[in-house]
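Presented below is the structure to which this report refers.
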């Protein structure tokens, strides 16, 4: 298990720099397995380095797709796959370990298409607007994959929202709930930006009402 300061969603990339001895040991053991997978969870309290952190109990499996050698570290490129919930944290050996249960895969229904389209519109416009005030990791023209379930998770992953909101999305039980919550949380985050700017930014308020 690899605790991080960020949330990993299914179908989203993770780029890691591994330099702590305990995680180098973990990486070596992971690579012995044909699947080359490990779990990523968000740190609730503490830091990524040194241990002793408190972790959330939901996360995603990361499948290694590429290794990069650096000076004093190993670079790992991985992609999120299945979601899981931690049932029990085990003793570190020497890295964090846990027993988990996998959460059900979300299922697509063609009836969700209008909701998907509206959610994509909200996320893309919100990314464009948020980028006017601070740099965003993802651009408003980010490309989504063709598979609608994977694309829905990607919308959750690129939406300009905080980690606690992302954790709530990771627990979604149905695809329509996921899409609805992505919309709600994205609009809420953008409204918070608007409020912090004061009452003079009427143009942004008007754009928010149009979303």
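Scanning region 130-152 for residues that are more than 21 Å from residue 80 (Cα to Cα), in contact (Cβ under 8 Å) with a residue 60 or more places away in the chain and surrounded by fewer than 18 Cβ atoms within 10 Å (Cβ to Cβ) yields a single hit, 133.
Condition check ((1) closer than 23 Å to residue 157 by Cα; (2) surrounded by fewer than 18 Cβ atoms within 10 Å (Cβ to Cβ); (3) at pLDDT 95 or above) across all residues:
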{"residue": "4", "(1), (2), (3)": "yes, no, no"}
{"residue": "7", "(1), (2), (3)": "yes, no, yes"}
{"residue": "20", "(1), (2), (3)": "no, yes, no"}
{"residue": "38", "(1), (2), (3)": "yes, no, yes"}
{"residue": "41", "(1), (2), (3)": "yes, no, yes"}
{"residue": "77", "(1), (2), (3)": "yes, yes, yes"}
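Select, from 89, 108, the only residue that is part of a strand (DSSP E or B) and surrounded by 13 or more Cβ atoms within 10 Å (Cβ to Cβ). Within the list 89, 108, the selection yields 89.
Annotation: of all residues in region 153-168 being in a loop (DSSP other than H, G, I, E, B) and in contact with a helix residue (DSSP H, G or I) (Cβ under 6 Å, 6 or more places away or on another chain), the one that is surrounded by the fewest Cβ atoms within 10 Å (Cβ to Cβ) is 160. Looking across 44, 79, 87, one residue alone is touching a residue at least 60 places away in the same chain (Cβ under 8 Å) and in contact with a strand residue (DSSP E or B) (Cβ under 6 Å, 6 or more places away or on another chain). It is 79. Looking at 117, 109, can you tell me which residue is modelled with pLDDT of 95 or more and under 21 Å from the mean Cα position of the chain (by Cα)? Going through 117, 109 in turn, the sole match is 117.
Based on this model, can you work out whether residue 68 counts as in a strand (DSSP E or B), in the same structural domain as residue 18 (by TED's automatic domain parsing), within 30 Å of residue 21 (Cβ to Cβ) and free of Cβ contacts under 8 Å to residues at least 12 places away in the same chain? Judged against the criteria, residue 68 is a match.
The values are calculated or read from the model by the stated rules, or taken from the named source; none is laboratory data. None of the values given here were measured: they were computed from a predicted structure. Cβ sites come from the backbone with ideal geometry, for glycine too, and all protein chains shown count toward neighbours.
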